[in-house]
Amino acid sequence: MKTRLARTLGDQTTLNIYQNLLQITQDITSKLNISKTVYWDQIPNHTNIYFQDGYSFKVQSQGDLGKKMKDAFREEFDESFGKILIIGTDCPYLTKEIFEDAYRALEKSNIVIGPAKDGGYYLLGMNRFYPSLFEGIPWSTELVFDLTIKKIKELNLTFSVLPALNDIDTEKDWSEWVAKINQ
């Protein structure tokens with residue numbers, strides 16, 4: 001979890017930041033009147049600490065980030081959900097309005113994507129399962145967003161792009177977030 005943060009801030013501070021990000025994500029998503037599933041590496045002993053009422057819990061598959069997302073999308077589409085959004089827990093800038101815009105975008109586009117300022121993305125949504133979207137992407141690099149857009153175009157899919165947001169991967173990212181909320 002958050003290895004770049006831990007390198008400069010240490011494990012305990014990084015754990016505190018991660019717990020803060022979980023709380024922020026819960027605060028944002030709890031306002032959404034949708035089915036919400038939290039995928040954990042392993043189900044925590046105390047799931048009532050985070051993501052309380054209105055959330056279901058599943059264990060994510062093993063593998064790289066692409067495999068984990070692909071498997072989660074497959075599982076959710078197998079349950080007959082028509083529009084699926086996946087987010088991480090490291091983008092405190094998300095808002096209810098961004099989620100609403102993403103769902104609206106899926107009414108006219110196959111894919112919706114929210115670019116992260118570091119070259120990745122903070123949100124990916126689909127109105128149908130497109131498993132090949134996750135193949136050949138070097139995950140956790142600054143190439144993820146651009147290569148995903150390239151893949152979407154190669155598959156002749158339509159897409160919508162949300163505003164670029166920063167996620168929290170480094171001490172600088174965290175400092176900027178803290179400065180923003182302390183304004």
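The values are calculated or read from the model by the stated rules, or taken from the named source; none is laboratory data. Keep in mind it's a predicted model, so treat the numbers as computed, not measured. Here the Cβ is made from the backbone with ideal geometry for all residues, glycine too, and neighbour counts use every protein chain on show. These accessible areas exclude ligands, DNA and RNA; they are computed on the full protein's heavy atoms, side chains included. Shrake-Rupley method; radii C 1.70, N 1.55, O 1.52, S 1.80 Å.
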List the residues whose amide H sits under 5 Å from the amide H of T158, counting only those 5 or more places along or on another chain, with H placed 1.01 Å from N in the peptide plane. N110, I111
Karplus 3J(HN,Hα) series, Hz, for the stretch 65-71 with 6.51 cos²θ - 1.76 cosθ + 1.60 (x for Gly, Pro): 4, x, 5, 4, 5, 4, 5
Report, in debye and to the nearest 20, how large the dipole of the chain comes out about its Cα centre when Lys and Arg carry +1 and Asp and Glu carry -1 on their Cβ. 260
How large, in percent, is the carbon and sulfur part of the accessible surface of the stretch 1-76 at a probe radius of 1.4 Å? 47
Would you mind computing the Rg to Rh ratio of the stretch 86-183 from its alpha-carbon coordinates, Kirkwood style for Rh? 0.99
Compute the relative contact order of the chain as a whole-number percentage, counting only Cα pairs closer than 8 Å that sit 6 or more residues apart in sequence. 22
For the stretch 115-130, Karplus-derived ³J(HN,Hα) couplings (6.51, -1.76, 1.60; θ = phi - 60°; whole Hz; x for glycine and proline) come out as x, 8, 5, 8, x, x, 9, 9, 8, 9, x, 9, 9, 7, 7, 10
Would you calculate, for the chain, the mean residue ellipticity at 222 nm contributed by helices, counting each DSSP H stretch of 4 or more residues as -39,500 (n - 2.57) and dividing by all residues, to the nearest 500? -12000 deg cm²/dmol
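Give me the percent of DSSP beta bridges within the stretch 11-127 that run antiparallel, rounded to the nearest 5. Show your work: numbers first, answer last.
Working: 9 of 14 bridges.
Of all bridge pairs located within the stretch 11-127, approximately 65 percent are antiparallel.
At most 15 other Cβ atoms within 10 Å and a DSSP loop assignment: could you name the GluC sites (Glu not before Pro) in the stretch 98-183 that fit? Walk me through the intermediate numbers first.
On the way: sites: E100, E107, E135, E142, E154, E171, E176; in loops: E107, E135, E142.
Answer in residue order: E107, E135, E142.
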Candidates Q26, Q12, Q60; GNM for the chain (alpha-carbon contacts under 10 Å) flags as most fluctuating Q12
